[in-house]
Amino acid sequence: AQPKKSRRRVLLKLSGEVFGGGKLGVDPDTVRGVAKQIAAAVPDVEVAIVVGGGNFFRGAELSQSGMDRSRADYMGMLGTVMNCLALQDFLEQAGVETRVQSAITMGQVAEAYIPRRAIRHMEKGRVVIFGAGAGLPYFSTDTVAAQRAMEVHADVVLMAKSGVDGVYTADPKLDPNAEKLHHLSYDEALRRDIRVMDQTAMTMCKDNNLTMVVFGMEGEGNVTRAIRGEDLGTVVTP
Ligand code: UDP
């Protein structure tokens, strides 16, 4: 049995796009803005964050250019750690205590991933930032978000998206008739072949009874609102 939590606990997934502001590398102003939004919600909610790395490297893309897939995936994972450090810095500037835990050990910059310690940090009001994905090639950080959420007993997974504010009946960039869905089940999402979130992540959440909220980063204060549990984006349930 899991111990009783006094506060809401969320697992926030921030993709690499959020860090690069759409470009390669880290855009400090963008990260500062996100950090401030997280800081605004932290006194009331326990927050763990899984960080993506697509603003640096995606293993699948590098392997298309001829690199060995596993090595390329490790490059992708290392990219996520740079994003973690940037986020850590701006969160601390915003007055939030943080710890970075990496799935690939690198003691100088991050703690090792130790789930029980991560929970303890959150109980003390620290934000825990998970880097290096699962430490395993062929995984995505979306899948890791689902896995970490379960392991640290988060109440919900919050998938922050850039350029789209929820799940639509079709790709809104391609189909003008696409309609936003406020709620759907994992079965429906899988049946409709919804690609906004990773299918492996959805399957894991479905099998383990975990709710996911897909929301857009762009709206004013959206990250704060999502962490606080306000109604926005699309709720996906088992
Ligand atoms: N990656 C991996 N294993 C993991 C997580 C990530 O191999 O557990 C690699 C993979 O190459 C991926 C890259 O790291 O393309 C960056 O992660 P992701 O694409 O999930 O980042 P996002 O799309 O969220 O920016």
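Obtain the nm distance between the two label points defined at ALA178 and GLU123 by a simple spin-label model: each point lies 7 Å from its Cα along the Cα-to-C-beta direction. Modelled inter-label distance: 4.3 nm.
With a/c under 1.5 counting as rounded, go ahead and sort segment 104-166 into rounded, prolate or oblate using the C-alpha gyration tensor (a ≥ b ≥ c being the square roots of the eigenvalues; past the cut-off, prolate if a/b is larger than b/c, else oblate). Oblate, because a/c is 1.5 or more while a/b does not exceed b/c.
Dipole orientation for the chain: of the candidates GLY221, SER185, VAL96, VAL96 has the Cα lying most toward the positive pole (charges on Cβ; Lys, Arg +1; Asp, Glu -1).
Which order do MET82, MET212 fall in if you start with the one that has the fewest other Cβ atoms within 10 Å? Kindly include the intermediate steps, with their values, before the conclusion.
Details: MET82 19, MET212 28.
Least to most surrounded, the residues fall as MET82, MET212.
For the pair ASN209 and ASP187, the difference between a 0.36 nm per residue extended length and the Cα-Cα distance amounts to 6.7 nm.
Applying both filters, DSSP loop and at most 15 other Cβ atoms within 10 Å, to the trypsin sites (Lys or Arg not before Pro) of segment 183-218 gives ARG192, ARG195. Please state the shape class of segment 8-237: rounded when a/c is under 1.5, otherwise prolate if a/b exceeds b/c and oblate if not, all from the C-alpha gyration tensor. Rounded. The helix-only estimate of mean residue ellipticity at 222 nm for the chain, built from DSSP H runs of length n ≥ 4 each weighted as -39500 (n - 2.57), is -11500 deg cm²/dmol after division by the residue total.
Please tell me the relative contact order of the chain in percent, rounded to the nearest whole number, where contacts are Cα pairs under 8 Å and at least six residues apart.
On the way: 497 pairs, mean separation 52.5, N = 238.
Result for the chain is 22 percent.
Assigning unit charges at the beta carbon (Lys, Arg +1; Asp, Glu -1) and nothing else, what dipole magnitude in debye, to the nearest 20, does segment 8-237 show about its Cα centre? Mind showing how you got there, number by number?
Details: 25 positive and 29 negative charges, 102 e Å.
Value, rounded to 20: 480 debye.
Within the chain, DSSP assigns beta bridges of which about 15% are antiparallel (rounded to the nearest 5).
On full extension of the chain, what length is gained from ALA112 through THR200, given 0.36 nm per residue of separation minus the C-alpha to C-alpha distance?
On the way: separation 88, 0.36 × 88 = 31.68 nm, distance 2.46 nm.
Full-extension gain reported as 29.2 nm.
Listed from fewest to most Cβ neighbours within 10 Å, the set TYR168, TYR186 follows the order TYR168, TYR186.
Under the classification rounded if a/c is under 1.5, otherwise prolate if a/b is larger than b/c and oblate if not, where does segment 145-238 fall, given a ≥ b ≥ c as square roots of the Cα gyration tensor eigenvalues? Because a/c hits 1.5 or more and a/b fails to exceed b/c, segment 145-238 counts as oblate.
Given LYS173/LYS206; LYS5/LYS180; LYS23/LYS124; LYS36/LYS206; LYS124/LYS180; LYS23/LYS206, which pairs have Cα atoms separated by over 30 Å? As for pairs spanning more than 30 Å Cα to Cα, those are LYS5/LYS180; LYS23/LYS124; LYS36/LYS206; LYS124/LYS180; LYS23/LYS206.
Amide hydrogen proximity for TYR168: with H placed 1.01 Å from N in the peptide plane, the residues at 5 or more positions away or on another chain lying under 5 Å are LEU181. Segment 83-110 and segment 161-218 have Cα centres spaced 29 Å apart. Proximity of backbone amide H atoms, modeled 1.01 Å from N, is registered between THR98 and VAL127 at under 5 Å, excluding neighbours fewer than 5 places apart on the same chain. Under 5 Å from the amide H of SER185 lie the amide H atoms of THR237, each residue being 5 or more positions distant or on a separate chain, with H modelled from the backbone and absent for Pro and chain starts.
Read-outs throughout are calculated quantities, based only on the coordinates presented, and are distinct from any laboratory measurement. Predicted model, so just to flag it, every value in this text is computed and none were measured. All Cβ positions, glycine included, derive from the backbone under ideal geometry; neighbour counts span all protein chains shown.
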